[in-house]
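Have a look at the structure below before the remarks.
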Amino acid sequence: MYRTLPLAALLMGTLPAQATPTEWTLDLGHTHIGWEINHMGLSRTVGRFNSYDGTFLIDEENPANSQITFTIDADSIDSNHADRDAHLRHADYLDAETHSQITFTSTDILMLTPTSGKLTGDLTMRGQSAPVTLDFTMVRDRTYPDFIPNYDEVRVVGFEATGEILRLDHGMDFIAFIDSPTGLSVDVDLHFDLVQCAGTPDTNIPCTWGR
């Protein structure tokens with residue numbers, strides 16, 4: 001059985017020293033990568049990406065030594081509007097046919113409290129990279145209860161993160177007309193659970209969901 005550890009212990013380094021960061025698995029069944037953007041000063045247009053994965057090498061003693069990457073399939077963008085999504089995949093915006101993936105690679109993690117901090121990294125879209133900083137919060141650190149079938153009492157940590165992306169930083173300079181309906185800044189909103197999957201059976205749900 002995995003032992004639930006205090007939130008502060010995970011982030012502030014009261015755990016025993018580890019020689020290398022520990023790999024955690026992104027629970028694809030409990031992940032959301034969302035965005036919203038200004039629409040002519042009216043109600044904001046919102047959407048999400050439906051296909052993604054990540055690598056999370058977490059150093060619990062020294063969070064700054066952690067390595068985090070996200071990979072998103074650009075053509076999985078979904079704003080609940082087929083024609084708009086087709087335009088967003090077009091070369092005016094994501095140019096998904098030429099640049100099929102959006103990637104984020106961490107460069108720095110700064111803890112501000114035992115459960116929150118700033119995650120900085122390089123975001124690459126359309127083949128152009130620019131730094132971005134996400135404000136993140138740890139929601140909870142626990143083990144799944146033993147009465148849930150195929151969850152195997154694995155340890156799971158939930159996170160939420162927000163940030164702002166400037167589309168001009170990635171060559172998305174398309175403007176249809178003055179006061180264009182497409183804003184220049186995009187707010188991103190992430191919700192995701194990380195699970196410790198080492199040694200779990202193939203039937204484990206959070207470790208294998210969607211894989």
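The values are calculated or read from the model by the stated rules, or taken from the named source; none is laboratory data. Just so you know, these numbers come straight off a predicted model, no measurement behind them. With ideal geometry, Cβ positions are generated from the backbone for all residues, glycine too; neighbour counts draw on all protein chains shown. The protein model used for the area step is the full one, side chains on, heavy atoms only, and it has no ligands, DNA or RNA in it. Shrake-Rupley method; radii C 1.70, N 1.55, O 1.52, S 1.80 Å.
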For the chain, with the dipole built from +1 on Lys and Arg beta-carbon atoms and -1 on Asp and Glu ones, taken about the Cα centre, which of 199, 25, 138 lies farthest toward the positive end? 138
With springs connecting C-alpha atoms under 10 Å apart, model the chain as a Gaussian network and identify which of 101, 67, 128 has the largest mean-square fluctuation. 128
Select from 130, 176, 198 the residue whose mean-square fluctuation is largest in a Gaussian network model of the chain (Cα-Cα springs shorter than 10 Å). 176
Treating every alpha carbon of segment 144-211 as one equal point scatterer without solvent, the Debye formula yields log10 I(q)/I(0) values at q = 0.12 Å⁻¹ of -0.55
Ignoring any ligand, DNA or RNA, what whole percent of the accessible area of the chain comes from carbon and sulfur when the probe is 1.4 angstrom? 53 percent
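Accessible area per residue for the chain in Å², computed with a 1.4 Å probe and the full protein assembly in place, what is it?
Value returned for the chain: 52 Å² of accessible area per residue.
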Counting only chymotrypsin sites (Phe, Trp or Tyr not before Pro) that are in a DSSP loop and have at most 12 other C-beta atoms within 10 Å, tell me the longest site-free stretch of the chain. 1-146
Summing +1 per Lys or Arg and -1 per Asp or Glu among the other residues with Cβ less than 10 Å from residue 172's Cβ gives -2
Counting each DSSP H run of 4 or more residues in the chain as -39500 (n - 2.57), what helix-only mean residue ellipticity at 222 nm follows after dividing by all residues, to the nearest 500 deg cm²/dmol? -2000 deg cm²/dmol
What is segment 112-179 by shape, rounded, prolate or oblate, if you read a ≥ b ≥ c off the alpha carbon gyration tensor as root eigenvalues and call it rounded for a/c under 1.5, prolate for a/b larger than b/c, and oblate otherwise? prolate
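Between beta-carbons, use under 15 Å as the cut-off and find the net charge around residue 28, counting Lys and Arg +1, Asp and Glu -1.
Charge balance near residue 28 sits at -2.
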Can you give the net charge of the other residues whose Cβ lies under 11 Å from the Cβ of residue 116, counting K and R as +1 and D and E as -1? -1
Could you state how much accessible area residue 160 has, in square angstrom rounded to the nearest 10, with a 1.4 Å probe and all protein chains kept in place? 80 Å²
Over all distinct Cα pairs, what is the inverse of the mean 1/r for the chain, reported as the Kirkwood hydrodynamic radius in Å? 18.5 Å
Can you compute log10 of I(q)/I(0) for segment 55-130 with the Debye formula, treating each Cα as one identical point scatterer, at q = 0.17, 0.21, 0.26 Å⁻¹? -0.72, -0.88, -1.10
